[in-house]
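Enquirer: Sharing a structure, written as structure tokens. Questions coming.
The values are calculated or read from the model by the stated rules, or taken from the named source; none is laboratory data. Computed from a predicted model, the values in this text were never measured in an experiment. Heads up, the Cβs are rebuilt from the backbone with ideal geometry, glycines too, and the neighbour counts pull from every protein chain shown. In case anyone asks, the SASA skips ligands and DNA or RNA and just uses the protein heavy atoms, side chains included. Shrake-Rupley method; radii C 1.70, N 1.55, O 1.52, S 1.80 Å.
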Amino acid sequence: MLKTLVNKYNIAGPRYTSYPTVPYWDNDTFSLKAWESSLKRSFKESNSKEGISLYIHLPYCESLCTFCGCNKRITKRHDVESPYINAVLKEWRLYLELLEDKPIISELHLGGGTPTFFSPENLKRLVDGILRYSKLADNYEFSFEGHPNNTTRAHLQALYDVGFRRVSYGVQDYNETVQKAIHRIQPFEHVKRATDLAREIGYTSVGHDIIFGLPFQTLEHVKETILKTKALLPDRLAFYSYAHVPWIKGNGQRGFKDSDLPTAALKRQQYELGKELLAEVGYSEIGMDHFALATDSLYQSMVGGSLHRNFMGYTASKTQAMIGLGVSSISDSWYGFSQNVKGIESYYGLLKDNILPVYRGHILSEEDLIIRQHILNLMCRFKTSWTKEYLYFEELPEVIARLKEMETDGLLNLSLNRIEVTKKGRPFVRNICMAFDLLLQRKQPDMQLFSMTV
């Protein structure tokens, strides 16, 4: 039955880290002035209550991993570090001038690229520069993405000393054939060393990222990877499907043929096997493609109803405003989105002229805000309702009509004023969200913009 449903619903679709999704942003009516206005509004409404989130993109990597869809610059030259950090701190100062009050930082995340490409000293200088003109929320959370091959004790200690307590390591898969195909040779011993070091220093949450659906990956490979992961017992896991979109991400994802990838049915088997093995040692499924132990803040936020999803993925708390610093970073004011330029040279050029390096974005309409809330509810809580008048929208009857077949297939339960995703329907939550996605339904774009949903 699951195989039949996978065949039926495995179509291209968004991952819904935002609504509207990036291909539907109205860039024609967007302006830097409108973005700044939306951020100032959000900041005034929420900074004193919940603070803000910061995402900092550090794009450099020493080698190319062919599974990666992130914006990166490949180099072995480390003299690029200092100019880049200077630029990020300049961007932050421009935002401080705009906001006119000290931001209270609730969340800070270093992503990439490879953040641990940067030296411990430069990472500390970056974070010190951010914190110098900010306050910290009472329960702030700082996290970073570490590469197990080059995350040293000095990296971990330097970031611990400036407030970091969570680290996430990209593991992907432990099989050598798969690792060669994705150009990520990374022995188990390296992951164990990096995990043990973090715990020894005092990190309270160590995460691993694992991918299924990779080239040449078999069911046995996934089992082997999960068993080794269980031996290290990370506090949380991202266990997600490889997004094969070489027409978007360029030559990096063309290092293997489409026929080298597992079928949709096999990918689903890989996920179900992994989930079963993880449940045996106490992991709970969080939202879509995430797992956590009961002691981790991600699990506690799910139980407490505060789980949130944004461009950083699932987070344990919600802030209305999220500022992205660095090339290609996306910011979210709740009322609007903006994205920075993707080229490092153009990024530097705009900052030199004291201009925020934003090149596109979207200001949300009233309809967008309603749909955004429904999709967020579904992605974080697997249910949504329109009992409150402000959550009703004109095209809701059409949305319900689109959901009827999914109800017949047992993926969800519909009642007069609510929808709840069934356990059977959770693997298909992206498909359910697509029924609410009015912009997708109206425009029906070239679906090669998105990865497959299953």
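Enquirer: Find the relative contact order for the chain and round it to a whole percent, using C-alpha pairs within less than 8 Å whose residues are 6+ positions apart.
Expert: On the way: 808 pairs, mean separation 97.6, N = 454.
Across the chain, relative contact order equals 21 percent.
Enquirer: Same structure again: At 222 nm, what helix-only mean residue ellipticity would the chain give, in deg cm²/dmol to the nearest 500, using -39500 (n - 2.57) for each DSSP H run of four or more? Write out the running numbers ahead of the final one.
Expert: Numbers: 16 runs with 181 residues, N = 454.
Mean residue ellipticity, 222 nm, calculated: -12000 deg cm²/dmol.
Enquirer: Can I ask one more? Which cross-chain or sequence-distant (5 or more) residues have an amide H under 5 Å from the amide H of Gln172, H modelled 1.01 Å from N in plane?
Expert: Asp209, Ile210, Ile211
Enquirer: Same structure again: Using the Cα gyration tensor of the stretch 200-327, with a ≥ b ≥ c the square roots of its eigenvalues, what is the shape: rounded (a/c below 1.5), prolate (a/b larger than b/c) or oblate (neither)? Don't jump to the answer; show the numbers that get you there.
Expert: Numbers: a/c = 2.00, a/b = 1.25, b/c = 1.60.
It is oblate, given that a/c is not under 1.5 and a/b is not larger than b/c.
Enquirer: Classify the stretch 1-91: rounded, prolate or oblate, from the alpha-carbon gyration tensor (a ≥ b ≥ c, eigenvalue square roots; a/c under 1.5 rounded; otherwise prolate if a/b is larger than b/c)? Don't skip to the end; give the middle numbers.
Expert: On the way: a/c = 2.22, a/b = 1.16, b/c = 1.92.
Oblate, because a/c is 1.5 or more while a/b does not exceed b/c.
Enquirer: More than 34 Å apart: what percent of Cα pairs in the chain qualify?
Expert: On the way: 32100 of 102831 pairs.
Every Cα pair in the chain considered, those over 34 Å come to 31 percent.
Enquirer: While we're looking at this one, here's another question. Over 22 Å between Cα atoms: which of Lys267/Lys423; Lys228/Lys275; Lys40/Lys90; Lys49/Lys102; Lys3/Lys423; Lys257/Lys424 fall into that group? Walk me through the numbers on the way to the answer.
Expert: On the way: Lys267/Lys423 18 Å; Lys228/Lys275 14 Å; Lys40/Lys90 19 Å; Lys49/Lys102 13 Å; Lys3/Lys423 16 Å; Lys257/Lys424 32 Å.
Cα-Cα > 22 Å for Lys257/Lys424; rest within.
Enquirer: Tally up the carbon and sulfur contribution to the accessible surface of the stretch 317-454 as a whole percent, 1.4 Å probe, everything protein left in place.
Expert: Details: 3010 of 5860 Å².
That share works out to 51 percent.
Enquirer: Give a residue-ordered list of calculated ³J(HN,Hα) values for the stretch 51-67 (Karplus: 6.51 cos²θ - 1.76 cosθ + 1.60, θ = phi - 60°; whole Hz; x for Gly, Pro).
Expert: Rounded to whole hertz, the list is x, 10, 9, 10, 10, 10, 8, 10, x, 7, 9, 7, 8, 8, 8, 6, 8.
Enquirer: If you put +1 on each Lys and Arg Cβ and -1 on each Asp and Glu Cβ, how big is the dipole of the chain around its Cα centre, in Debye rounded to 20? All intermediate terms of the calculation are to be shown ahead of the outcome.
Expert: On the way: 55 positive and 52 negative charges, 85 e Å.
Using Cβ point charges on Lys, Arg, Asp and Glu, the chain gives about 420 debye.
Enquirer: For the stretch 94-176, rounded, prolate or oblate, judged on the Cα gyration tensor with a ≥ b ≥ c (square roots of eigenvalues), a/c < 1.5 rounded, else prolate if a/b > b/c?
Expert: Working: a/c = 2.25, a/b = 2.09, b/c = 1.08.
It is prolate, given that a/c is not under 1.5 and a/b is the larger ratio.
Enquirer: Enter the accessible area per residue of the stretch 63-190 (Å², integer; probe 1.4 Å; all protein chains in place).
Expert: Ligands and nucleic acids excluded, the figure is 42 Å² per residue.
Enquirer: Less than 13 Å Cβ to Cβ from Gly305, Lys/Arg counted +1 and Asp/Glu -1: what total charge do the surrounding residues give? Intermediate results must be reported in sequence, preceding the final value.
Expert: Details: positive: Lys318, Arg381, Lys383; negative: none.
Result for the neighbourhood of Gly305: +3.
Enquirer: List the pair-distance distribution P(r) of the stretch 337-454, using every Cα-Cα distance, as the percent of pairs falling in each 10 Å bin from 0 up to the bin containing the longest distance, rounded to whole percents.
Expert: Pair shares across the bins are 12, 35, 27, 15, 9, 2.
Enquirer: Please report the accessible area of Asp28 (heavy atoms, 1.4 Å probe, ligands and nucleic acids excluded) in Å², nearest 10.
Expert: That residue has around 150 Å² of solvent-accessible surface.
Enquirer: OK, next. Hey, which lysines would be in cross-link range of Lys76, C-alpha to C-alpha under 22 Å, not counting anything within fewer than 8 residues on its own chain?
Expert: Straight-distance partners of Lys76: Lys124, Lys180, Lys249, Lys342.
Enquirer: Which listed residue (Trp35, Pro20, Thr387) has the Cα farthest towards the positive end of the charge dipole for the chain, taking +1 on Lys and Arg C-beta and -1 on Asp and Glu C-beta about the Cα centre?
Expert: My answer, from the dipole projection, is Pro20.
Enquirer: Report, to the nearest whole %, how much of the accessible area of the stretch 36-87 belongs to carbon and sulfur atoms, 1.4 Å probe, protein only. Can you show the working numbers first?
Expert: Working: 1190 of 2340 Å².
Carbon-and-sulfur percentage of accessible area, whole number: 51.
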